[in-house]
1. Being within 16 Å of Asn57 (Cβ to Cβ) and outside any loop (DSSP other than H, G, I, E, B) is the filter here; which residues of the range 28-43 pass it?
2. Out of the residues in the range 9-20 that are at pLDDT 95 or above and surrounded by fewer than 17 Cβ atoms within 10 Å (Cβ to Cβ), state the one that is farthest from Arg55 (Cα to Cα).
3. Of all residues in the range 23-50, which are without any contact (Cβ under 8 Å) to a residue 12 or more places away in the chain and either surrounded by 14 or more Cβ atoms within 10 Å (Cβ to Cβ) or not β-branched (Val, Ile, Thr) (or both)?
4. Under 6 Å between Cβ atoms, at least 6 apart or on separate chains: pull out the pairs that start in the range 1-15 with a residue that is over 16 Å from Ala67 (Cβ atoms) and end on any residue that is open to solvent by less than 50 Å² (accessible area, probe 1.4 Å) and not in a strand (DSSP E or B).
Amino acid sequence: MMFQFKNQYAVIDNDFKLYGTEETPPQLYNIAEDNAEAHDLSSQQQSPLSNLISRYNIWNQSVQNSALGGDYWYITNLHREIQSSLNHEIHSG
């Protein structure tokens with residue numbers, strides 16, 4: 001599950017939660033064991049930290065593309081290419 005609000009973001013995956021802002025380094029919590037989010041594990045748990053940061057970056061890029069119409073542009077153009085290819089096959093075959 002991913003959230004973004006103003007300059008804050010969070011990613012929750014099973015027991016881990018990644019939290020960050022534009023101004024601060026990301027923080028990692030094991031919310032199953034630390035539901036108060038008092039102990040930042042980012043320096044100790046590099047694998048989950050890297051995984052969640054990567055997933056957030058991919059998701060965030062998709063959100064940005066959608067906001068600019070980029071995702072829809074790609075799908076629309078892909079549909080046009082497929083339609084054009086089908087029309088060409090119908091008329092030449």
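1. Matches in the range 28-43: Leu28 only.
2. Asp15
3. Asp34, Asn35, Ala36, Ala38, His39, Ser43, Gln44, Gln46, Ser47, Ser50
4. Cβ pairs passing all conditions: Val11/Leu52; Val11/Tyr56.
The values are calculated or read from the model by the stated rules, or taken from the named source; none is laboratory data. Bear in mind that the values here come from a model prediction, so they are computed numbers and not experimental data. With ideal geometry, Cβ positions are generated from the backbone for all residues, glycine too; neighbour counts draw on all protein chains shown. Areas reflect the complete protein model, heavy atoms only, side chains present, ligands, DNA and RNA absent. Shrake-Rupley method; radii C 1.70, N 1.55, O 1.52, S 1.80 Å.
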